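Step one of this worksheet: look at the structure below.
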Amino acid sequence: MPSASRRSLRFPSPPLPPEGFRYFPGALDEGEQRRLLGEVLARVEQAGWFQPTMPRSGRPLSVRMCNLGPLGWVSDRDGYRYQPHHPVTGAAWPDMPPALVRLWERFTGWPDPPQCCLVNFYRPGARMGLHRDEDEEARDAPILSISLGDAAVFVIGGRERRGPTCRLRLSSGDVLVLAGEARHAYHGIDRIVAGTSDLLPEGGRINLTLRRVTHR
Ligand code: SIN
Ligand code: FE2
């Protein structure tokens, strides 16, 4: 006679997000989203977007990027790294809007301030392959992620690239915190769901990823 455990083996439950994954749907109302977007875009327009490329191949990623704060994440033929200046213009990154620092404090409670806000711009069709955030020295600090504009299908697994993953639709105003195990998990963006938000005048999605990079 099949035991209960046999049955649960035959019908495994869908994978759950890892420990430390915290999801706050609709955390920012529309007014907050518009204000934040305005503050971010004013800075990005002044600094300029850049087109990151893959380390060895030099193939362009499908997202465009910019950074705010003292350190910015960049990727080109020389690899992934943080640097204090824009890779095209050589100028220092614009400052981090104080509203973002307040969101970091409120959602992460981490004692040290964020040093980098990576701004990712996804047009419909753009995606982000499965990866782990591991270019930071302070990998014990959580990551804060804010979604603005069109929805996206977010995928998260565990520490193994080929392990089981689960999916979640991120909408404009949603906030995620990756702490604990989730801080070290493979994750990515499978696709953008075009036409789901009119926050960005020309459509698309902006993701703000705040990180602590160095130890104090
Ligand atoms: C990332 O993991 O770098 C971005 C995730 C997102 O766009 O939500
Ligand atoms: Fe990431």
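Throughout, read-outs are computed from the coordinates displayed, never taken from laboratory work. What you see is a predicted model; the values in this text were computed from it and never measured. In this analysis, Cβ positions are derived from the backbone assuming ideal geometry, glycine residues included, and neighbour counts consider all displayed protein chains.
Odds and ends about this structure:
- Gly204 long-range amide H proximity, modeled H, under 5 Å: Asp150, Gly195
- For the chain, the longest principal axis of the C-alpha atoms and the axis of helix 30-47 are separated by about 50°.
- Charge dipole (debye, nearest 20) of the stretch 21-211; +1 at Cβ of Lys and Arg, -1 at Cβ of Asp and Glu: 640
- Over the stretch 54-163: Kirkwood hydrodynamic radius from C-alpha pairwise inverse distances, Å: 15.6
- The stretch 37-103: projected area of the alpha-carbon convex hull, averaged over directions, in nm²: 4.6
- From phi via Karplus (6.51, -1.76, 1.60), per-residue ³J(HN,Hα) for the stretch 180-191 in Hz, x at Gly/Pro: x, 4, 4, 4, 10, 8, 5, 7, x, 10, 6, 6
- Axis of helix 98-108 versus longest Cα principal axis of the chain: the two differ by about 20°, to the nearest ten degrees.
- Percent of Cα pairs in the stretch 21-211 per distance bin of 10 Å, from zero to the largest separation: 9, 38, 42, 11, 0.
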